[in-house]
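Participant: If you scroll down you'll find the structure; I have some questions about it.
The values are calculated or read from the model by the stated rules, or taken from the named source; none is laboratory data. Note that the coordinates shown come from a computational prediction; the quantities given were computed from them, not determined experimentally. Because the Cβ atoms are built from the backbone with ideal geometry, glycine has one as well, and the counts that use them run over all protein chains shown.
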Amino acid sequence: MKIKSIKLREAHKNSGVASFCSILWDLQAQHIVTSSSSDNSICIHDALLLSSPPRILRHHSDGVTSLALSPNSTCLASGSEDRSVKLYKFPGGEFQTNITRFALPIRVLGFNKSGSMLAAAGEDEGIKLINTIDGSIARVLKGHKGYITGLGFDPKSEYLASLDTDGTVIIWVLQSGAAVHTLEGIAPNTGLDASGMNILCWSPDGETLAVPGRKNDVVMYDRDTAEKLFSLRGDHVQRICFLSWSPNGKYMATSGLDRQVLIWDVDQRVDIDRQKFDDVVCCMAWKPTGNALAVIDTIGKYGIWESAVPSSMKSPTEGIPGLQSKNSNGLLLFDEEEEEPNISGSLSDLGEDSHGESEPTSRKRLRKRSFSDDEDFGDEVSMLPKDASRKIPSHNQKEKIKKRKEEQMCTNTSVGSKLQDAFQPGSTPMQPGKRRFLCYNMLGSITTIEHDGYSHIEIDFHDTGRGPRVPAMTDYFGFTMAALNENGSVFANPCKGEKSMSTLMYRPFRSWANNSEWSMRFEDEEVKVVALGAAWVAAVTSLNFLRIFSEGGLQRNVLSLEGPVVTAVGFRDELAVVTHASPALPSNDQMLEFRVFNIRNGTQPIRGRLPVTPDSYLTWFGFSEEGKICSFDSKGVFRVFTDQYGGSWLPLFSSMKVRKPEENYWVVGLNANKLFCVVCKSPESFPQVIPKPVLNLMDLSFPLPSSDLGADNLENEFILHNLHLSQINKTIEEMISIGQDTSSLDDEAFNMEASLDRCILKLIASCCNGDKLVRATELVKLLSLEKSVKGAIKLVTALKLPNLAERFNTILEERLLNESKTATAFPVKNLDTDTSDKADFAIGKSFPPTKSSYDSKPAIPSPSQKLSSPPFTKKGISEAVAKAGKAEIKEQSPNLENTRDATTNKVQLKNVDEVKNAEVKKTGEENKLQKRPSNPFAKSSNKQEKSSLFDSLKKKNVQ
């Protein structure tokens with residue numbers, strides 16, 4: 001056999017010291033990349049012009065021990081003696097990131113077929129599986145005793161094989177991280193010789209694993225059983241230190257410490273060519289597009305062996321095998337589509353989705369194939385070749401695929417009158433290669449990213465002091481929905497294929513017992529949405545079942561819902577579920593219904609229709625921090641459910657009123673006064689995980705038409721204050737009914753009434769300026785405090801509106817008379833000498849008239865209702881009536897004047913100090929005087945103010 005001479009060029013200066021050097025081709029065979037463990041530089045050579053200077057990358061502080069290039073040749077990874085792994089853009093060489101670090105030097109790197117995962121190992125304990133997109137560590141595989149020098153991802157994405165300096169091979173299942181096969185001592189023990197490391201390599205079809213043998217040979221092992229198949233033994237007189245399969249798997253190149261490189265015909269198990277070098281060749285790479293082999297020796301010299309395979313034989317790039325990209329649990333991997341003759345269109349691989357419960361697969365098992373859901377199934381089924389490695393889909397399978405496709409079309413809300421699909425609040429759509437939100441709420445977020453059949457899940461809290469630190473989780477089920485609260489998180493996934501089952505899993509953050517995590521599997525149904533509350537977990541399934549579990553996993557209840565679920569959310573003891581009430585209207589309007597369940601009491605306190613803006617769909621649903629149900633639709637309208645008018649939805653925000661044309665709002669939550677959302681730039685409608693979303697606080701604002709007063713902000717403030725006051729009063733009533741103390745809420749209600757009065761007075765001023773006197777009269781009837789009415793009288797008097805001032809005086813007189821009657825009929829006992837307006841507030845709350853601001857009726861009256869006046873009975877009047885016993889007050893009685901005089905004497909007890917302290921309850925402590933808002937209408941002392949309303953009436957009668 002004729003020995004050829006190969007010219008080698010110096011790539012790295014190793015100073016005559018034998019070092020391990022690496023060499024790679026890119027996918028198009030346009031570049032060669034080299035490195036050396038004695039040099040901290042990486043060289044990118046022009047493969048078409050080797051004499052030209054290379055591009056040099058110097059980012060490591062020590063020798064580069066390993067290189068790896070992603071399958072699409074866009075990302076270059078390097079490991080070094082400096083214990084870091086770095087990523088670069090390729091072929092430009094721009095540095096991207098330090099993706100991970102080790103405690104000891106790194107010896108080997110390897111990408112999986114899709115390039116989404118990088119395996120790194122060396123002298124440190126364990127193999128790190130790194131997500132190349134976000135740099136997260138998906139898993140660390142531990143089991144080797146020696147330094148790890150060889151790594152290889154199975155081309156079918158089922159296994160990872162590793163080899164150490166002791167000669168032990170471990171085959172790991174990527175799905176579970178378990179070591180399925182451990183072959184001890186089958187390769188040479190290399191010790192600390194770093195220039196000729198043990199290496200292993202999968203065949204291109206993924207059926208065979210090649211490992212250097214202990215007899216200067218190469219031993220082939222079966223991929224599934226790890227049984228020895230055969231060996232290649234020839235003229236190597238020392239151990240083999242490197243081996244490489246040709247692209248088509250027909251040939252293999254082996255390099256030994258005897259400084260020989262042999263080319264083997266694997267099928268014939270004979271060497272067909274060889275080359276002798278001056279130094280040991282420590283690394284080789286076949287040219288992807290031709291008959292050539294790149295080599296580099298331990299001195300740092302490299303070259304190309306042209307026509308490594310004799311020209312009379314089949315080319316090493318002819319007949320490259322196609323692969324079915326499936327793993328042992330059948331999870332679909334989106335790899336490159338293989339081209340087959342006699343098949344029009346492309347096929348997608350589909351396997352059995354058993355989530356790790358299936359037995360180890362056999363080499364001779366049939367590979368199930370299925371069409372992609374996005375393709376037409378018409379004529380292509382009949383054109384499939386009758387190949388034993390594939391099954392033509394049965395009629396039932398095709399019917400199921402067709403049915404699934406029709407269901408997916410029915411859930412499309414943008415085409416025709418279709419039902420909206422179920423969604424999880426606070427989640428974002430799946431984006432290939434990007435991390436997305438499974439859940440984002442006011443507490444924190446759950447994110448995930450998918451790669452190679454499993455996902456990496458992280459849980460983060462906005463306030464790290466509020467929630468525990470939760471370790472990252474590797475997800476082998478493919479969870480697509482999640483919910484989060486202070487106690488734990490719940491996950492669920494849909495069915496993936498005929499044999500797979502939907503899974504529900506709950507993970508508590510704190511527990512006194514071990515193994516407190518639990519899961520449920522669903523046959524013939526799949527989970528659509530999940531929710532969490534106080535000590536309960538809920539899931540709604542495709543069979544319209546609402547399943548309720550305890551925090552420990554006890555199945556408590558199963559309820560049937562009346563329509564397909566849209567979404568669900570939990571808050572403490574309450575669970576809110578939204579379902580379709582009927583098919584969508586021809587105008588594409590969604591007909592939705594909501595229910596609120598109290599899980600603790602087993603009741604359903606609220607049920608009704610959920611409104612959405614015409615030609616829109618629901619995009620968010622949840623509870624406010626105060627426990628109010630809220631919704632947000634695709635037209636940007638935010639609604640809150642209240643008990644006003646028998647239970648109604650109030651539109652508290654409309655993005656159409658405030659947003660810019662290039663902005664979209666992604667809602668997160670609501671507190672008492674602000675809406676929390678993420679502002680996204682069009683056309684994006686949801687945020688990305690990176691960079692971290694920034695929460696924006698939006699003011700609540702009713703979508704009011706432009707008023708003729710030009711006081712839209714005041715009218716909004718008026719409605720919001722009324723809404724808040726109504727909520728406080730309802731809470732007070734509920735607390736009184738169960739015997740709880742309401743003093744704290746009394747203070748809040750009083751302050752809200754004072755704020756509402758100030759807003760009403762501003763509106764009265766606007767009405768007077770706009771000559772809307774009837775509206776001003778309506779507004780003065782809504783004032784709560786007597787001093788506020790007097791302030792309104794002063795205001796209209798200053799504006800020189802005597803007729804309006806007279807009407808305001810009449811309203812004040814009527815209210816005082818009505819309240820004096822009420823106080824007489826229900827005398828107040830055991831009251832102290834408090835003469836503040838807060839005492840008036842308390843009396844009015846305890847003895848409400850027929851219509852009162854503390855009635856359970858709405859604080860916002862409808863236009864058809866007659867406006868009523870809130871009470872402000874004075875304490876002096878109440879005491880006078882109480883002393884009078886049960887004497888009746890009659891308007892037409894001859895003794896009216898005497899009654900007025902007696903009452904006047906008591907009213908005159910109010911002096912300047914009482915007016916100034918009208919908003920402060922006397923408790924004997926001077927430091928509590930500042931708790932009440934100051935009276936904006938208090939006047940300096942004068943004689944007129946000391947006189948009472950009844951004195952004025954008396955003077956008028958005399959005149």
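Participant: Determine which single condition E486 fails, assuming it passes every other condition in (1) under 23 Å from T447 (Cβ atoms); (2) in contact with a strand residue (DSSP E or B) (Cβ under 6 Å, 6 or more places away or on another chain).
Facilitator: It fails just one condition, (2).
Participant: Could you pull out the residue among D267, D258, D271 that is touching an Asp or Glu at 6+ places or on another chain (Cβ under 9 Å), of a type in the set (D, E, K, R) and outside any strand (DSSP E or B)?
Facilitator: D258
Participant: Tell me the residue from A568, A584 that is in contact (Cβ under 8 Å) with a residue 24 or more places away in the chain and part of a strand (DSSP E or B), please. Walk me through how you get there before you give the answer.
Facilitator: Details: A584 fails: part of a strand (DSSP E or B).
Going through A568, A584 in turn, just one is in contact (Cβ under 8 Å) with a residue 24 or more places away in the chain and part of a strand (DSSP E or B): A568.
Participant: Quick check: is even one residue across the stretch 456-467 assigned by TED's automatic domain parsing to the domain that holds S634, of a type in the set (S, T, Y) and at pLDDT 90 or above?
Facilitator: For the stretch 456-467, residues assigned by TED's automatic domain parsing to the domain that holds S634, of a type in the set (S, T, Y) and at pLDDT 90 or above: absent.
Participant: Considering each of R547, R521 in turn, give the residue that is surrounded by fewer than 19 Cβ atoms within 10 Å (Cβ to Cβ) and of a type in the set (D, E, K, R).
Facilitator: On inspection, the qualifying residue turns out to be R521.
Participant: Then there's this: Which one of the conditions (1) loosely packed, with under 15 Cβ neighbours inside 10 Å; (2) closer than 24 Å to Y440 by Cα does S706 fail to meet, given that it meets all the rest?
Facilitator: So S706 meets the others, but not (2).
Participant: Another one. Restricting to the stretch 768-778, name every residue that is surrounded by fewer than 22 Cβ atoms within 10 Å (Cβ to Cβ) and in a helix (DSSP H, G or I).
Facilitator: C768, N769, L773, V774, R775, T777, E778 - these are the residues of the stretch 768-778 that are surrounded by fewer than 22 Cβ atoms within 10 Å (Cβ to Cβ) and in a helix (DSSP H, G or I).
Residue by residue, here is whether (1) out of contact with any Pro (no Cβ under 7 Å at 6 or more places or on another chain); (2) assigned to a helix (DSSP H, G or I); (3) not aliphatic (A, V, I, L, M) holds:
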residue	(1), (2), (3)
L709	yes, no, no
F718	yes, yes, yes
S726	no, yes, yes
N729	yes, yes, yes
M735	yes, yes, no
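Participant: Then there's this: Hey, among G646, G669, G622, which residue is surrounded by 22 or more Cβ atoms within 10 Å (Cβ to Cβ) and either within 17 Å of V530 (Cα to Cα) or out of contact with any Cys (no Cβ under 6 Å at 6 or more places or on another chain) (or both)?
Facilitator: Within the list G646, G669, G622, the selection yields G622.
Participant: So in the stretch 300-315, with the set limited to residues that are assigned to a loop (DSSP other than H, G, I, E, B) and within 52 Å of the chain's Cα centre (by Cα), which one is farthest from I272 (Cα to Cα)?
Facilitator: Checked the stretch 300-315; the qualifying residue farthest from I272 (Cα to Cα) is G300.
Participant: Ok, one more. If I filter the stretch 1-37 down to residues being among the hydrophobic types (A, V, I, L, M, F, W, C), touching a Leu at 6+ places or on another chain (Cβ under 9 Å) and not in a loop (DSSP other than H, G, I, E, B), which single residue comes out as nearest to G290 (Cα to Cα)?
Facilitator: My answer is W25.
Participant: A further question follows. Just checking, how many residues over the stretch 609-619 are crowded, with 17+ Cβ neighbours inside 10 Å and not in a loop (DSSP other than H, G, I, E, B)?
Facilitator: Residues flagged as crowded, with 17+ Cβ neighbours inside 10 Å and not in a loop (DSSP other than H, G, I, E, B) within the stretch 609-619 amount to 3.
Participant: Only residues in the stretch 100-117 that are in contact (Cβ under 8 Å) with a residue 24 or more places away in the chain count as the first member; pair them with residues that are surrounded by 20 or more Cβ atoms within 10 Å (Cβ to Cβ) and of a type in the set (F, W, Y), Cβ under 7 angstrom, at least 6 apart or cross-chain, and list the lot.
Facilitator: Qualifying pairs under 7 Å: R107/Y147; G110/F153; N112/F153; K113/F153.
Participant: Residues to consider are L109, L104; find the one that is within 12 Å of A121 (Cα to Cα) and touching a Lys or Arg at 6+ places or on another chain (Cβ under 7 Å).
Facilitator: Step by step, each of L109, L104 is checked, and only L104 is within 12 Å of A121 (Cα to Cα) and touching a Lys or Arg at 6+ places or on another chain (Cβ under 7 Å).
Participant: Scan the stretch 147-154 and tell me whether some residue there is within 28 Å of I32 (Cα to Cα), among the β-branched types (V, I, T), touching a strand residue (DSSP E or B) at 6+ places or on another chain (Cβ under 8 Å) and surrounded by fewer than 19 Cβ atoms within 10 Å (Cβ to Cβ).
Facilitator: The answer is no, given that none of the residues of the stretch 147-154 is within 28 Å of I32 (Cα to Cα), among the β-branched types (V, I, T), touching a strand residue (DSSP E or B) at 6+ places or on another chain (Cβ under 8 Å) and surrounded by fewer than 19 Cβ atoms within 10 Å (Cβ to Cβ).
Participant: Same structure again: From the set of residues in the stretch 265-318 that are among the basic types (K, R) and farther than 21 Å from A210 by Cα, which is surrounded by the fewest Cβ atoms within 10 Å (Cβ to Cβ)?
Facilitator: K276
Here's the yes/no breakdown for (1) modelled with pLDDT under 90; (2) within 29 Å of the chain's Cα centre (by Cα); (3) of a type in the set (G, A, S):
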position	(1), (2), (3)
S78	no, no, yes
D82	no, no, no
P105	no, no, no
N112	no, yes, no
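Participant: So, in the stretch 201-255, exactly how many residues are over 26 Å from V180 (Cα atoms), assigned to a loop (DSSP other than H, G, I, E, B), in contact (Cβ under 8 Å) with a residue 60 or more places away in the chain and of a type outside the set (K, R)?
Facilitator: Final tally of qualifying residues: 3.
Participant: Report yes if V596 is among the β-branched types (V, I, T), outside any loop (DSSP other than H, G, I, E, B), under 19 Å from V540 (Cβ atoms) and out of contact with any helix residue (DSSP H, G or I) (no Cβ under 7 Å at 6 or more places or on another chain), otherwise no. Break it down into steps so the answer makes sense when it comes.
Facilitator: On the way: among the β-branched types (V, I, T): yes; outside any loop (DSSP other than H, G, I, E, B): yes; under 19 Å from V540 (Cβ atoms): yes; out of contact with any helix residue (DSSP H, G or I) (no Cβ under 7 Å at 6 or more places or on another chain): yes.
Against the criterion (among the β-branched types (V, I, T), outside any loop (DSSP other than H, G, I, E, B), under 19 Å from V540 (Cβ atoms) and out of contact with any helix residue (DSSP H, G or I) (no Cβ under 7 Å at 6 or more places or on another chain)), V596 qualifies.
Participant: Against the condition in contact with a Phe, Trp or Tyr (Cβ under 8 Å, 6 or more places away or on another chain) and aliphatic (A, V, I, L, M), how does A482 come out, does it pass?
Facilitator: Spelling it out, A482 is indeed in contact with a Phe, Trp or Tyr (Cβ under 8 Å, 6 or more places away or on another chain) and aliphatic (A, V, I, L, M).
Participant: Out of F686, F702, F750, I need the residue that is part of a helix (DSSP H, G or I) and of a type in the set (F, W, Y). Which one?
Facilitator: Details: F686 fails: part of a helix (DSSP H, G or I); F702 fails: part of a helix (DSSP H, G or I).
The match here is F750.
Participant: For the stretch 274-283, how many residues are within 22 Å of D166 (Cα to Cα) and either among the β-branched types (V, I, T) or assigned to a loop (DSSP other than H, G, I, E, B) (or both)? Talk me through it step by step, then tell me what you get.
Facilitator: Filtering the stretch 274-283 for residues within 22 Å of D166 (Cα to Cα) gives 280-283.
If we keep only those that are either among the β-branched types (V, I, T) or assigned to a loop (DSSP other than H, G, I, E, B) (or both) as well, we get 280-281.
Result for the stretch 274-283: 2.
Rundown of residues vs (1) buried (at least 21 other Cβ atoms within 10 Å of the Cβ); (2) touching an Asp or Glu at 6+ places or on another chain (Cβ under 7 Å), yes/no style:
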| site | (1), (2) |
| --- | --- |
| D62 | no, yes |
| L69 | yes, yes |
| C75 | no, no |
| S80 | yes, yes |
| S84 | no, no |
| K89 | no, no |
| G92 | no, no |
| Q96 | no, no |
| R101 | no, no |
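Participant: Moving on. When the residues of the stretch 536-552 are filtered to those that are without any contact (Cβ under 8 Å) to a residue 60 or more places away in the chain and among the aromatic types (F, W, Y), which remaining residue is farthest from H580 (Cα to Cα)?
Facilitator: Selected residue: F549.
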